[in-house]
């Protein structure tokens, strides 16, 4: 196989900007360290706020809200006494662990890998790019698994087409990151972020509830423009920087591992299992179905929404079991437990992050800094006339900038 060559890179233009972003991103502390820094800042600013008498009037209740210090005896006792409750009661934690049991079975059995290879085999080069980007955007349905699964498969696909593997890696990873939480269906991340959003919203309104479908229309509509943008960036900006590989037919045929007969049988079995599960779900949501709200007959709110985590776990796990049984990776019940446990084990870093994040949010809430900043911030934006559509656009721009540095919601993986 011939060695790849690239065009000389320069430090100006798009490449220069990307290089600066990469260097800045590499200097950021670990996310866990960021929460430690934020928690320490809460302690310091809570003391300053009480010392200088920071206070606001709550627009909803009309009550005066004062910033309270946590750097005193009562504050320290409250921090220590409630530390475990903060951790156990953090909304995203049980959600993520439950879903990752299902994803662990689907991934560990090999079903997700085989499904991706089956989807893109036999397509033309530009259509392969389209398929990679589209799959990457929608793979957030399997949480962060897309970051791990898609780039190496995309690289093998591009090698099989005689193209530089980095084109596939960039398309796959970029699609997963840029399209994170955009999906044609409700995804696991919608459920996770609904819990996080609810926790944040309760800083202002303790009775606030957020259902996972709150952003669905926006995220579903985002899939098409993000896919087209991803294909354009890959083909017009990334691909021209890399020359075509010189591949022998042997390397070309070995670039992508073809599905075996057992893998095809496994995907058929998984498809049947998924359709059965989907059919049962449809029966549950038809008028009069058990998943509808018994009082209103509607779907929002209903058991369909509150049970989304369990439903998604089953829709990953059952097809994964069917696939694993067909290909021989799952032979007994202990194999299922092992794969589910592995999915949870891969979340070790996330659990550490959640412990620290839960403490920060609790302290932020107790000090009243959250309400103080929210009300003061809203007054400032209103004062400068940044409301309505300009505010929404500004919020999206800020989110896009943050997404350059933080590509996913729950950091996970081995």
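The values are calculated or read from the model by the stated rules, or taken from the named source; none is laboratory data. Remember, it's a predicted structure, so these values are computed and weren't measured experimentally. No Cβ is skipped: glycine too gets one built from the backbone with ideal geometry, and neighbour counts run over all protein chains shown.
Quick notes on this structure:
- Failed item in (1) assigned to a helix (DSSP H, G or I); (2) in contact with a helix residue (DSSP H, G or I) (Cβ under 6 Å, 6 or more places away or on another chain), with residue 330 passing the rest: (1)
- Residue list for the range 75-101, restricted to those being surrounded by 14 or more Cβ atoms within 10 Å (Cβ to Cβ), more than 19 Å from residue 368 (Cα to Cα) and modelled with pLDDT of 90 or more: 87, 101
- Tally, over the range 84-93, of residues that are within 20 Å of residue 206 (Cβ to Cβ) and in a helix (DSSP H, G or I): 6
- Here residue 160 passes the criteria (1) crowded, with 17+ Cβ neighbours inside 10 Å; (2) farther than 30 Å from residue 42 by Cβ; (3) modelled with pLDDT under 85; (4) under 21 Å from the mean Cα position of the chain (by Cα) except the one numbered (4).
- Every residue from the range 288-315 that is in a loop (DSSP other than H, G, I, E, B) and touching a residue at least 24 places away in the same chain (Cβ under 8 Å): 300, 301
- The residue of the range 55-74 that is farthest from residue 372 (Cα to Cα), among those that are in a loop (DSSP other than H, G, I, E, B) and in contact (Cβ under 8 Å) with a residue 12 or more places away in the chain, is 71.
Okay, residues lined up against (1) surrounded by fewer than 21 Cβ atoms within 10 Å (Cβ to Cβ); (2) under 30 Å from residue 58 (Cβ atoms); (3) touching a helix residue (DSSP H, G or I) at 6+ places or on another chain (Cβ under 7 Å):
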position	(1), (2), (3)
197	yes, yes, no
201	yes, yes, no
222	yes, no, no
230	no, no, yes
238	yes, no, yes
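- Taking the range 176-207 as the range and being assigned to a loop (DSSP other than H, G, I, E, B), under 26 Å from residue 134 (Cα atoms) and modelled with pLDDT of 70 or more as the test, the residues that pass are 179, 180, 181, 182, 183, 184, 185, 186.
- One residue from 42, 14 being at pLDDT 65 or above and either more than 24 Å from residue 239 (Cβ to Cβ) or assigned to a helix (DSSP H, G or I) (or both): 42
- Selected residue (criterion: farthest from residue 161 (Cα to Cα)) from residues of the range 106-143 that are assigned to a loop (DSSP other than H, G, I, E, B) and at pLDDT below 75: 143
- With respect to the conditions (1) surrounded by fewer than 23 Cβ atoms within 10 Å (Cβ to Cβ); (2) on the phi < 0 side of the Ramachandran plot, residue 328 falls short on a single one, namely (2).
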